[in-house]
Amino acid sequence: MKIDRILFPTDFSDSKRHTAAFAADLARKYGARIYMLHVIYDITRDSVLYTSRLDMDSLYEEVKNGAREEMDNIASTAFQGFDDLERVIRVGSPAGDILQFADEADIDLIVIGSHGKKGLDRILFGSTALKVIKRANCPVLTVRERA
């Protein structure tokens, strides 16, 4: 099995460092490039309210700046000394954009964290990881959040 490109999608949850460590170890073992992806949920997709595009653009730019800081933080810890790392931020639908990016970048393996939501939380919020597992065109490694 060849693993040249690993996708590490992150929502910056508490489990990010644990999942990033798996991605980093695999990348080092296989000499792979890591793509760290954060998808900002596009709230205009489901909104029936009118929002000015300018207002949304400035809001998303602020959120992107925060995401860049979080990515820098992860890169300086979990991916310290790792040169082959690309950071990508998108605005859209998390599961959909993860899958789209994986196809566009010809990803060999997705390493994604799983929160282990149960019951009502899972029904209300769904599972990005589960959607990715079901629809990905490449293998997906899920890393469960530590208790």
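Working only within the stretch 1-42, note down all residues that are charged (D, E, K, R), buried (at least 16 other Cβ atoms within 10 Å of the Cβ) and in a loop (DSSP other than H, G, I, E, B). Correct list: 11, 42.
Of everything listed in (1) in contact with a helix residue (DSSP H, G or I) (Cβ under 8 Å, 6 or more places away or on another chain); (2) modelled with pLDDT of 90 or more, the single unmet condition for residue 145 is (2).
Selection of the stretch 1-19 for residues being over 24 Å from residue 60 (Cβ atoms), hydrophobic (A, V, I, L, M, F, W, C) and within 15 Å of the chain's Cα centre (by Cα) yields only 6. Close contacts from the stretch 53-82, counting a first residue that is farther than 20 Å from residue 7 by Cβ and a second that is in a helix (DSSP H, G or I), with Cβ to Cβ under 7 Å and a gap of 6+ residues or different chains, come to 56/44.
In the stretch 112-142, how many are among the hydrophobic types (A, V, I, L, M, F, W, C), at pLDDT below 95 and part of a loop (DSSP other than H, G, I, E, B)? Residues in the stretch 112-142 being among the hydrophobic types (A, V, I, L, M, F, W, C), at pLDDT below 95 and part of a loop (DSSP other than H, G, I, E, B): 0 in total. For the stretch 43-79, taking the residues that are in a helix (DSSP H, G or I) and of a type in the set (S, T, N, Q), the one that is modelled with the lowest pLDDT is identified as 44. Of everything listed in (1) in contact with a helix residue (DSSP H, G or I) (Cβ under 9 Å, 6 or more places away or on another chain); (2) at pLDDT below 95; (3) assigned to a loop (DSSP other than H, G, I, E, B), the single unmet condition for residue 83 is (1). Taking the stretch 91-111 as the range and being within 28 Å of residue 43 (Cα to Cα), assigned to a strand (DSSP E or B) and either hydrophobic (A, V, I, L, M, F, W, C) or in contact with a Phe, Trp or Tyr (Cβ under 7 Å, 6 or more places away or on another chain) (or both) as the test, the residues that pass are 91, 110, 111.
The values are calculated or read from the model by the stated rules, or taken from the named source; none is laboratory data. Please read these numbers as outputs of a predicted model, since none were measured by experiment. A quick note on method: Cβ atoms are made from the backbone with ideal geometry, for glycine too, and the neighbour counts reach across all protein chains shown.
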